[in-house]
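J.: Handing you this structure, nothing more for now.
The values are calculated or read from the model by the stated rules, or taken from the named source; none is laboratory data. Note that this is a predicted model, so its numbers are computed, not measured. Cβ coordinates were reconstructed from backbone atoms using ideal geometry, including for glycine residues, and neighbour counts include every protein chain displayed. When the accessible area is computed, the model is the full protein with side chains, heavy atoms only, and any ligands, DNA or RNA have been set aside. Shrake-Rupley method; radii C 1.70, N 1.55, O 1.52, S 1.80 Å.
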Amino acid sequence: MSRLLTNLHRLHTEKGSGRLFEELNDLFKDSFDYVCTKIGNSCDNEVYLCYFATLSLNSRLHFAFDEDESSLAIRLKEYEGTPISEGDTKKCELALCSGSAVLFLRGSATGLILDLQEVQQRSLDSPFTETVLQGPLYAFNENLEVNAALIRQRIRTSQLKAWETTVGRSTNTRIFVIYCADVVDESCLAQVKKLLTEMDVEGIQDTGELLRLLDKKRYMRLFPKAILTERPDRVTSDLLRGKLTILVDGSPFALVLPAVYTDFWHSPEDSYVNPYVSVFQNTLRFLAMTVNLVLPAFYVALTSINVDVNRLEISLAAAASREGVPYPVFIETMLMLIMIDFITEAGTRLPKAISSTVTMVGGVVLGQAIIQANIVSNLLVIIVAATAIANFIVIDYQMGLVQRVLKYFTVVGAAVAGVLGIVFCLACLVFYLSSLESFGTPYLTSLLPRKGGRK
C-alpha cells in the first residue's frame, strides 16, 4: 500500500469523520479552475484529490482516471517524495489557494496537503529602476525564495538569519526579515517584528505599501524612512553594516532599514571605484541637491524682492530677458516648474516607444514656442532646465520625488521674503529632518556613509 494511503487511513482513524469534502466544495463552488475529482477507492472508501488547475503543476498530476486500474497505490505513485503535511478545512483552504493539492478520504475531517505549486515568475534580469555601471547585472524578481537565495549566495555565513511571517487577511502574503545576527541592531529588529506581527490589513501588494504601513507617524511621511532597491549587492552590503532587509512575496524590491538621510545619496558603485572619484561624485550629488532646492527660489528672490543685491549688469540682463513678459516673476516661475514636472511625469508613465518623442516635443518645441510668445523669460528657461537636470542626479527614486516637491516650498518662501525666506525654508527643513527617526535611528545620524560593521 502506498505511503499516502497509509497516512490517509491514519488521519481518518485519529481525527474521526468530518465534512471536509462538502466544506471545500462549498467554499470553491463558483471557482472556474477548482478541480475536485475522485481518483479511486481504498478500503470501501472514496479517495478525492482537490487542486486549482491554474496554480498546481500539471506535470505532477499524472494519475490514471481509468476505472479499470486495479491498484490505487499505483495511481498515487507519482506523489511519492512530494512534501506532505496535514491540515483541517482552514489549512486546506489556504493550501489550495497557494497552489497545493489536497488528498483526502470521503467523510474525513482532515486531508493531506501535497506541495504541487507552480510558481509563475520571470527570469533574472538587470535592474530596471537602478542603472548598474559596475557590479552584478542581475536583480531581484517576484519570487520570495529566489530573492532570499540571491542574498544567501552572497553572504555565506551561519550568522545570516531569516524570520518569516505572513501579513494580510485575504492575501496571506509571506514576508522574510533577513539580518546578520552578529551586527544587527536588536532594538530595531524587535520593533520591526512587533509591527509586522500586530499588522492587521486586508492585503499587501508591494514593499512600498508595506513601508507606509510600518510608518506610524503619518504626519512625517514626506521623506522615505527606508530604501527600496532591486540590487542584491546593495542589500548584502547594508546587511553587513547591521541593517535589516524585508522581502515581500510577489515584489521585486527589497526594503532596507533603518535608513538615514545620506543613505539615499550613495550608490553601490561608490565602493567599487577610486575613493577620490567617489568623493567627487558624492560632492556633485549634494551640489545638485542644493541647486534643485534653491536655484529657482534665488531667481524669484533676486529679480523681484532683493534686486539691490545683484550687480547692475546682472539686474539689467534679467530685466532685458523679462521684457514683454506679462506675468510676475513668481507666476512665471511656478508655471515653468509645473510644466517641466508635467513633461517628466509624462515621460515616466508613457510607453517607452513614445515617451522619448513626448519628452522631445515638450522640452524643445514647447520651450522654444513659450519663449517666442513672451510668456516666460529666456533666463528662467535656463534655470528650470538646470533644475530638472539636477533633480535627475539623485540616486534614490523616492528621494528624487521629495526633491521635486520641496523646490516649490522654497520658491514660495522666496516670493514672500526673498533671500530671507529661502534661509527660513532651509532652516525649517533642517529642523524637520532633525526630528525624524527611521525605526529608532535619527535621520541625520551621519554625514558620511558608515563603513562595514562586521568584526
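J.: List, in order, the whole-Hz ³J(HN,Hα) value for each residue of region 162-167 obtained from phi through the Karplus relation with A = 6.51, B = -1.76, C = 1.60 and θ = phi - 60°; use x for Gly and Pro.
T.: So the Karplus estimates, Gly and Pro as x, are 9, 10, 10, 8, 10, 10 Hz.
J.: Now, a different point. Using a simple spin-label model with points 7 Å from Cα along the Cα→Cβ vector, what separation in nm is obtained for Thr171 and Asp33?
T.: Going from the Thr171 label point to the Asp33 one covers 1.8 nm.
J.: Follow-up question, since we're still on this one. Largest first and to the nearest Å, give the Cα extent of region 99-159 along each principal axis.
T.: Rounded to whole Å, the extents work out to 62, 30, 13 Å.
J.: Expressed as a fraction of 2.2 N^0.38 Å, the rule-of-thumb size for a compact globular protein of N residues, what is the C-alpha radius of gyration of region 271-438?
T.: This ratio for region 271-438 stands at 1.13.
J.: In this model, which of Lys29/Lys161; Lys217/Lys243; Lys91/Lys217; Lys90/Lys194; Lys29/Lys194; Lys91/Lys216 are farther than 30 Å apart at the alpha-carbon?
T.: Where the Cα-Cα span goes over 30 Å, the pairs concerned are Lys29/Lys161; Lys91/Lys217; Lys29/Lys194; Lys91/Lys216.
J.: Now for a separate question. Tally up the carbon and sulfur contribution to the accessible surface of region 144-258 as a whole percent, 1.4 Å probe, everything protein left in place.
T.: In region 144-258, the share of accessible area belonging to carbon and sulfur is 48 percent.
J.: Please report, in cubic angstrom per residue, the volume enclosed by the convex hull of the alpha-carbon atoms of region 144-258.
T.: Here the figure is 96 Å³ per residue.
J.: Further question: For region 196-323, with every protein chain kept in place, what is the accessible area per residue (1.4 Å probe, Å²)?
T.: Ligands and nucleic acids excluded, the figure is 44 Å² per residue.
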